[in-house]
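The values are calculated or read from the model by the stated rules, or taken from the named source; none is laboratory data. Source: prediction; values computed, not measured. Positions of Cβ are backbone-derived with ideal geometry, glycine not excepted, and every protein chain shown enters the neighbour counts. Ligands, DNA and RNA are stripped out before the accessible areas are found, and what is left, the full protein with its side chains, is counted by its heavy atoms. Shrake-Rupley method; radii C 1.70, N 1.55, O 1.52, S 1.80 Å.
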Amino acid sequence: MRVLVLGGTTEASALAKLLADGPRVDATLSLAGRTSTPKPQPLATRVGGFGGVEGLVRWLRDEKVDAVVDATHPYAARMSANTVAACVRTGVPLGSLVRPPWQRLQDDDWRVVPTAEAAAAALGRTPLRVFLSLGRQDLHAFASAPQHRYVARTIEMPEQAALPPNLKILRARGPFDRDSEARLLSAEEIDVVVSKNSGGSATYAKIEACRELDLPVVMIARPDKPAGHVLKSPEEALAWLHDRAPASLRGV
Ligand code: NAP
């Protein structure tokens, strides 16, 4: 059985491990190529875009793919839209690993905004010290609010020309823990945190630290992300794939 896993997330890596450890599934993991040194993976890996819906349709046909699992990041909406369209066109079954968003708790001070641009506007006119935890692709949105001082945490150095002027980059890759997040926010004298609602445990510690320190969070809402058959965990994705495998592989 030939499987394409669209990855770049903790769940995709966990599924890759399950597939590598399990019975005879010929799986390829696809990464967008956002990081120059991705974590080593136990599956055959391809890197970079397919070339839109047309390119993905071609790839699925050329590689004779039997099933696709979309395990991309909750904010990678374009890839998911392309995948739904390509799977409809080719008739290839699609399972989508959907990571639940974080829920606002009683002591959380969140202001939810639709985009990074709206987050920059929501910071207001008074100069603040702002912690940006949203990846490097959206930092340019804060160039429109140059009155603030920014500390941004990214895996890679940002490349865009139009970055905000007062920007300090901290390069780090999660997971992070609550105590070190609280220490960091205090040491940098942060007034407000801007975050995506990524869900999962790897980057939740900053939300806990904000709760502990009474810091507000400007939360960028999730985009609409089309999905196929919704899968809640890598284990559920594995079971779904096995249900689609030819009887000979399932031992039936
Ligand atoms: P996107 O906007 O949905 O995708 C843009 C294009 O990148 C897609 O159309 C596709 O190119 C290519 N692409 C995306 N994921 C791919 C994959 N797994 N394999 C092959 N090609 C892929 O997604 P994004 O630009 O990666 O990120 C959007 C948001 O998600 C950002 O805010 C980012 O911070 C966040 N995010 C992404 C990742 C990640 O690993 N991608 C991880 C963490 C956070 P073609 O149209 O040419 O096929």
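Structure notes:
- Contour excess over end-to-end distance, with Cα ends at ALA221 and GLU63 and 0.36 nm allotted per residue: 53.3 nm
- Note: relative contact order over the chain, using C-alpha pairs below 8 Å and six or more positions apart, is 23 percent.
- For SER180, the accessible surface of its heavy atoms amounts to roughly 40 Å² (probe 1.4 Å, protein chains only, rounded to the nearest 10).
- Nonpolar atom fraction for the chain, defined as the carbon and sulfur part of the 1.4 Å probe accessible area, stands at 51 percent.
- Cross-link pairs beyond the 21 Å C-alpha cut-off, checked among LYS39/LYS168; LYS168/LYS196; LYS206/LYS232: LYS39/LYS168; LYS206/LYS232
- For VAL192, distant residues with modelled amide H under 5 Å away: ARG129, PHE131
- The chain: calculated mean residue ellipticity at 222 nm from DSSP helix runs of at least 4, using -39500 (n - 2.57): -9000 deg cm²/dmol
- The mean sequence distance of close C-alpha pairs (under 8 Å, at least 6 residues apart), as a share of the length of the range 124-192, puts its relative contact order at 36 percent.
- Largest accessible area first, the listed residues GLU212, GLU188 line up as GLU212, GLU188 when surface is computed with a 1.4 Å probe on the assembled protein chains.
- Of the peptides 132-144, 160-172, the ranking by mean beta-carbon count within 10 Å, highest at the top, reads 132-144, 160-172.
- Stretched out straight at 0.36 nm per residue, the stretch from ASN166 to VAL88 would grow longer than its current Cα-Cα span by 23.5 nm.
- 0 to 90° range, to nearest 10: angle between helix 52-62 axis and the chain longest Cα axis: 30 degrees
- A simple spin-label model places pseudo-atoms 7 Å from Cα toward Cβ; at GLN103 and GLU236 they are separated by 1.6 nm.
- Cβ-Cβ FRET estimate between LYS17 and ALA121, R0 fixed at 41 Å, reported to 0.05: 0.50
- Förster radius 22 Å - calculated FRET efficiency between SER186 and ARG111, Cβ distance, rounded to 0.05: 0.55
- Probe 1.4 Å, accessible area per residue of the chain, Å²: 50 Å²
- Rounded tilt (10° steps) of 178-187 against the dominant C-alpha axis of the chain: 40 degrees
- In a simple Cβ point-charge model (Lys, Arg +1; Asp, Glu -1; nothing else charged), the chain has a dipole of about 540 debye relative to its Cα centre.
- Sorted largest first by accessible area at a 1.4 angstrom probe radius, with every protein chain in place, the residues HIS242, HIS148 fall in the order HIS242, HIS148.
- FRET efficiency for the pair VAL47 and ARG178, taken as 1/(1 + (r/R0)^6) with r the Cβ-Cβ distance and R0 = 51 Å, rounds to 0.95.
- Here the gap between ILE155 and SER36, fully extended at 0.36 nm per residue and compared with their Cα-Cα distance, gives a gain of 41.9 nm.
- Taking the chain as a Gaussian network of alpha-carbon nodes connected by springs under 10 Å, the highest mean-square fluctuation of the residues THR90, THR72, THR154 belongs to THR90.
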